[in-house]
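The values are calculated or read from the model by the stated rules, or taken from the named source; none is laboratory data. Predicted, not measured: the structure shown is a model, and the values here were computed from it. Here Cβ is always computed from backbone atoms with ideal geometry, including for glycine, and neighbour counts include all displayed protein chains. Just so you know, the surface numbers come from the protein's heavy atoms only, side chains and all, with ligands and any DNA or RNA stripped out. Shrake-Rupley method; radii C 1.70, N 1.55, O 1.52, S 1.80 Å.
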Amino acid sequence: MIKHLIGLGVLLAVGIAYPAIFPNNLTIAISVLLFAGWATSWDLLGGWNGQVSLGHASFVGLGAYFVAIGQSQFGLAPWWTMAMAAVFAAILGYFWGWLTFSLRGPYFSLSTIAVAEILRLIAINEEWLTGGATGVFLATLPEPFGIDLFSRTAQFYMALAFAAVVVATVIVISRAQFGYQLRAVREDEDSAMAAGIDPTATKLKAFMLSAALTSIGGGIYGVVLAFIEPHVIFALLLSVQIALTAIIGGRGTIWGPSVGALVLIGAGEMFRTTFAEANMLIYGILILIVVLFLPRGIVGELARRHIRRLYAKRAQS
Amino acid sequence: MAGLDILLQNVANGVLMGGVYALIGIGLTLVFGVMRTINFAHGDFVVLGMYSAVLFNALLGWDPYLSLLLAMPIGFFAGVVVERFVLSRVVDAPPESALLATLGISLIIGNAILLTFGGEPRSVQVSYASSTFSIAGVNVSMVLLLAGIATVVMIAALYTLLNRTEIGRAIRGTAENRLGAELVGIDTRRIHSIVFGLGVMLAVMAGVTLIPLLFATPTNTGAVFTLKAFVVTVLGGLGNVGAAIAGGVLLGVVEVLGASYFMSEYREAYGLVAFLLILLFRPEGLFGRTVKRV
């Protein structure tokens, strides 16, 4: 755990220096950091707890809408609305899980799509609540300590802080009792119950934490976009993208989702001219490769090889 | 009396639309019943069918129904290839692997179409697109009626295949008990390929019959049809072909009635709400006792 935290500290230091070194590549770095944060939050539920959600875009949308509507209609600063969004996302996650956690495996995944699609239709149609299909425009933002929140540098630091907090949370949880409960429920719900763990309560906690963290990232995304449209931010495609980022990187590993974000956003940028708007093709091809040849994902496979080598060395000596 | 006329009209449209939903749902439920695979790419195969009709129409000037002659065998073959090279490798892995693999296939199909045809909506103009004829005061659209007839013919053919032929018996045996089927000498891997081919063929056929009526877009339409197919099959009970027909008709009628008498902007949501309720409270479906029957 200490090793991972030191690693995170080093990466954070690199991240703080990044805008000074590459001042022109901030937008893509923000994408990588947001997706790293979302995918790592998703992984708390999807990887560590084994409940594959295909509805996490709902929480991204929730965070973005809280920030945009809070600012434009009530003059609330983004940090307050992000905190409110996190609380509300946790409550939504509680009821969502309460409704659907009786379903296991692929059936749970299907139900998350249905719930997320219903939420999307509500966001598009309830104009009094969300501004409807036209979306919400974020015209002004407060300037804390004279920092312009519309500048890409400020947004980069917000995204960096978000990703770092999420990864730190997962590092701590991975060694905490809660982390072992999550994994026990993933491996076998009935045995976990026999060992005195309440599977539904564990899954609910994981869903609530995952939802709250995702919505904070959604709030930052709202500030970055400054214009929020329901069919972009609530899209099934975004949910799929978040889930696949974590799975391709390596489910249930600390660094897998972040590596996934780096690889996928990087690859998307490389092929931007070739594929243009069809760049989800990369996600499709990579997920097929992962399912067929690397079932543990990139980081999971590397970790497996590393452990095998350690055992081989130990056997020799 | 005018109210009754409109009601009859709506029910007729709903039933005919539901027939096409049933056709889509049967493919999904057949694959699930035999292979236990939840096929996320099913809607994208429907879209592939739509684009094949667009392509044959643009290149050869064919009517969509004529292009079925080529599109259906090609669809069957494509399904067999996908099963052989992808799904057969994950059939014994945890069920999520197959789900993720089909999700990948769905993304590849949608985006490959986007690269080839571009993003603007496509359709095929046919001379009978707006022609209707009336039965007992109810106007029936020619396109929907043709789609309905095609659905009935296809369902009858499928029923015969499953219940009156040796391959059908092998398919039902594999669905019932894969190991048992292996023991009595059925090559279940071959059956899996055939079943997935059939599933894709049905999806392609539904796409072709829908193209005079709807516009196809590369990535969105696929997800919409996949969701509809799930709703249809879960309404009836996953893995049950007969119930998928009832589920399809039910969804068609509910959507049309809900949209015309209640809130039309929530047309898509009615099916989803029903889907959730049934998944939660009656996972075996409205009509099924067991999810294992085909």
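How big, on average over all directions, is the shadow cast by the Cα convex hull of the stretch A:120-167, in nm²? Could the numbers behind the result be given before it?
On the way: hull surface 20.7 nm².
Computing the convex hull of the Cα atoms and averaging its projections yields 5.2 nm².
On chain B, 67 percent of the accessible area sits on carbon and sulfur atoms, based on a 1.4 Å probe. Between the stretch A:226-302 and the stretch B:165-216, how far is it from one alpha carbon centroid to the other, in angstrom? Going from one Cα centre to the other spans 31 Å.
If only the Cβ of Lys and Arg carry +1 and only the Cβ of Asp and Glu carry -1, the dipole of the stretch A:2-236 around its Cα centre is close to 440 debye. Taking θ as phi - 60° and the Karplus parameters 6.51, -1.76 and 1.60, the scalar couplings of the stretch B:88-101 work out to 5, 7, 10, 5, 9, 6, x, x, 5, 4, 5, 4, 5, 4 Hz in sequence order, x denoting glycine and proline. For the protein assembly as shown, a crude dipole built from +1 on the beta carbon of Lys and Arg and -1 on the beta carbon of Asp and Glu, taken about the Cα centre, is about 1960 debye to the nearest 20. Across the alpha-carbon set of the stretch B:206-281, the Rg to Rh ratio works out to 0.97, Rh being the Kirkwood radius. With all protein chains in place and a 1.4 Å probe, the accessible surface of the stretch A:2-236 carries 69 percent carbon and sulfur. Kindly identify the stretch B:31-177 as rounded, prolate or oblate by the Cα gyration tensor criterion: order the square roots of the eigenvalues as a ≥ b ≥ c, call it rounded if a/c is under 1.5, otherwise compare a/b with b/c, prolate if a/b is larger, else oblate. Judged from the Cα gyration tensor, the stretch B:31-177 comes out oblate (a/c at least 1.5, b/c at or above a/b).
For the protein assembly as shown, what is the mean residue ellipticity at 222 nm derived from helices alone (per DSSP H run of n ≥ 4: -39500 (n - 2.57); sum divided by total residues; nearest 500 deg cm²/dmol)?
Numbers: 27 runs with 459 residues, N = 611.
Taking each H run of at least 4 residues, the total per residue is -25000 deg cm²/dmol.
For the stretch A:29-60 versus the stretch A:63-125, the inter-centroid distance based on Cα atoms is 14 Å. Computed with a 1.4 Å probe over protein heavy atoms only, the accessible area of A:Ile216 comes to about 50 Å². Kirkwood hydrodynamic radius for the protein assembly as shown: how many Å is it when counted over pairs of different Cα atoms? The Cα-based Kirkwood calculation yields 25.5 Å. Among the residues of the stretch A:280-298, which ones have their accessible area go down by 50 Å² or more when all the protein chains sit together, as opposed to their chain alone (1.4 Å probe)? Correct list: A:Leu281, A:Leu288, A:Val291, A:Leu292. Under a cut-off of 18 Å between alpha-carbon atoms, report the aspartates and glutamates in cross-link reach of A:Lys203, not counting same-chain residues fewer than 8 places apart. Result set, ordered by chain and number: A:Asp43, A:Glu187, A:Asp188, A:Glu189, A:Asp190, B:Glu96.
Taking amide H positions as modeled 1.01 Å from N, with prolines and chain starts lacking one, no residue 5 or more places away or on another chain lies under 5 Å from A:Phe150.
Principal axis extents of the Cα atoms in chain B, from largest to smallest and rounded to whole angstrom, are 61, 46, 34.
Note on the stretch A:68-153: Kirkwood hydrodynamic radius from all Cα pairs is 15.5 Å, rounded to one decimal.
In straight-distance terms, cross-link reach from B:Lys228 covers every one of the aspartates and glutamates whose alpha-carbon lies under 17 Å from its own, apart from those fewer than eight places away in the same chain; here that gives A:Glu117, B:Asp44, B:Glu255, B:Glu265, B:Glu268.
Annotation: per residue accessible area for the stretch A:166-231 equals 39 Å², rounded to a whole number [probe 1.4 Å, protein chains only].
A loss of 10 Å² or more of accessible area (1.4 Å probe, protein heavy atoms, ligands and nucleic acids excluded) relative to the isolated chain is seen in these residues of the stretch B:256-279: B:Glu265, B:Tyr266, B:Glu268, B:Ala269, B:Leu272, B:Val273, B:Phe275, B:Leu276, B:Leu279.
Can you give the convex hull volume per residue for the Cα atoms of the stretch A:2-236, as a whole number of Å³? Present the calculation step by step, with values, prior to reporting the outcome.
On the way: hull volume 28.5 nm³, N = 235.
For the stretch A:2-236, the hull spanned by Cα atoms encloses 121 Å³ per residue.
Rounded, prolate or oblate: which one fits the stretch A:202-317, using the alpha carbon gyration tensor with axes a ≥ b ≥ c (rounded when a/c is under 1.5, else prolate when a/b beats b/c, else oblate)? Present the calculation step by step, with values, prior to reporting the outcome.
Details: a/c = 2.67, a/b = 1.55, b/c = 1.72.
Cα axes put the stretch A:202-317 in the oblate bin.
For the stretch B:84-165, the equivalent ellipsoid derived from the Cα gyration tensor has semi-axes of 36, 24, 10 Å, listed largest first.
With only alpha-carbon pairs counted, each pair once and no self-pairs, how large is the Kirkwood hydrodynamic radius of the stretch A:16-75 in angstroms? Could you put the intermediate results ahead of the total?
Values: mean 1/r = 0.0722 Å⁻¹.
Computed over Cα pairs of the stretch A:16-75, the Kirkwood hydrodynamic radius comes out at 13.8 Å.
Residue by residue, the stretch B:218-225 carries 3J(HN,Hα) couplings of x, 9, 6, 4, x, 5, 4, 5 Hz when phi is fed to the Karplus relation 6.51 cos²θ - 1.76 cosθ + 1.60 (θ = phi - 60°); x denotes Gly or Pro. Over all other residues within a Cβ to Cβ distance under 13 Å of A:Leu45, the charged ones net out to +4, with Lys and Arg as +1 and Asp and Glu as -1.
In whole Å and largest first, what semi-axes does the C-alpha gyration tensor of the stretch A:1-135 yield when each eigenvalue is scaled by 5 and square-rooted? Don't skip to the answer; put the middle values down first.
Values: eigenvalues 168, 113, 36 Å².
Square roots of five times the eigenvalues give 29, 24, 13 Å.
Accessible surface area normalised per residue over chain B is 42 Å², counting heavy atoms of protein chains with a 1.4 Å rolling probe. The residue among B:Val231, B:Leu162, B:Leu250 whose Cα reaches farthest toward the positive pole of the charge dipole of the stretch B:102-257, with charges on the beta-carbon of Lys, Arg, Asp and Glu, is B:Leu162. Rounded to the nearest 100, the interface formed by chains B and A buries 3300 square angstrom of accessible surface, both chains summed, with a 1.4 Å probe. The local environment of A:Gly256, defined by Cβ-Cβ distances under 13 Å, has a net charge of +1 under the rule Lys, Arg +1 and Asp, Glu -1. Points 7 angstrom from Cα along the Cβ direction at B:Leu70 and A:Arg309: gap in nanometres? If labels sit at B:Leu70 and A:Arg309, their model points lie 5.4 nm apart.
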